[in-house]
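Inspection log for the structure reproduced underneath, given as structure tokens.
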Amino acid sequence: MKDKKVGAILLAAGNSSRFGANKLLYEIEGNPLVQYSMEIISQLPFEQKIVVTQYPQVEQLAKRLGLSWVRNENPELGISHSIHLGLEKQGDMDGWMFLVGDQPWLCRETVEKLLETFRESLRGIAAVRCGENIGNPVIFSRAYKKELEKLSGDRGGKKILLLHREDVEFVAAKPEELVDLDENPHENCKIRRK
């Protein structure tokens with residue numbers, strides 16, 4: 001069903017406690033880290049595009065790129081609260097793609113392939129992976145909305161994905177696309193964009 005309505009929700013409200021500074025605004029190759037994910041969603045055919053953040057600087061960047069945003073006034077409630085805010089703001093969709101703001105090496109082509117795969121698949125979840133490493137972004141169909149709404153604390157959608165692995169369509173990603181900047185940030189931030 002190629003006409004599935006899919007919204008993009010960029011989760012950009014974290015406190016960057018493991019990174020040691022505001023990771024989303026950390027400059028990589030002259031741009032704030034979060035800008036790379038924002039540019040990708042701004043270029044793709046999502047029904048709606050929303051950034052969930054606690055930072056005024058991220059809101060301004062979203063506005064400049066033509067993206068809607070919602071303020072997370074309670075980031076201490078964890079990533080689940082950002083997920084709930086994004087779902088609430090988006091309304092009725094066939095599915096929602098959840099992205100994070102700290103993947104500067106994520107390729108537009110990978111995100112586009114994930115979106116196409118979800119629209120063409122009969123499965124309810126689409127996710128990227130490299131080998132056995134499953135990462136973001138992930139798309140959940142409306143069949144999983146209630147489970148997403150029940151998430152609490154700093155638990156994201158991966159728990160749901162792993163519970164329903166038989167309903168997941170995977171798209172291949174390159175290793176650098178799934179790098180976790182919180183692990184060895186100084187070395188990982190030196191990787192060059194391609």
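The values are calculated or read from the model by the stated rules, or taken from the named source; none is laboratory data. What you see is a predicted model, and the numbers here were worked out from it, not measured in a lab. Quick reminder, even Gly has a Cβ in these numbers, built from the backbone with ideal geometry, and neighbours come from all protein chains shown.
The table for this structure:
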read-out	value
Among (1) of a type in the set (Phe, Trp, Tyr); (2) at pLDDT 90 or above; (3) part of a loop (DSSP other than H, G, I, E, B), the one test that Phe98 misses	(3)
Test result for Leu85, crowded, with 22+ Cβ neighbours inside 10 Å and part of a helix (DSSP H, G or I)	yes
For Lys158: the one exception among (1) more than 28 Å from Glu76 (Cα to Cα); (2) charged (D, E, K, R); (3) under 14 Å from the mean Cα position of the chain (by Cα)	(1)
Condition met for Trp105 (aromatic (Phe, Trp, Tyr) and either surrounded by fewer than 22 Cβ atoms within 10 Å (Cβ to Cβ) or over 18 Å from Gln48 (Cβ atoms) (or both))	yes
Residue tally, condition without any contact (Cβ under 8 Å) to a residue 12 or more places away in the chain and surrounded by 15 or more Cβ atoms within 10 Å (Cβ to Cβ), over region 125-167	0
Qualifying positions in region 112-144 - polar (S, T, N, Q) and either in contact with a Leu (Cβ under 8 Å, 6 or more places away or on another chain) or assigned to a loop (DSSP other than H, G, I, E, B) (or both)	Ser121, Asn133, Asn136
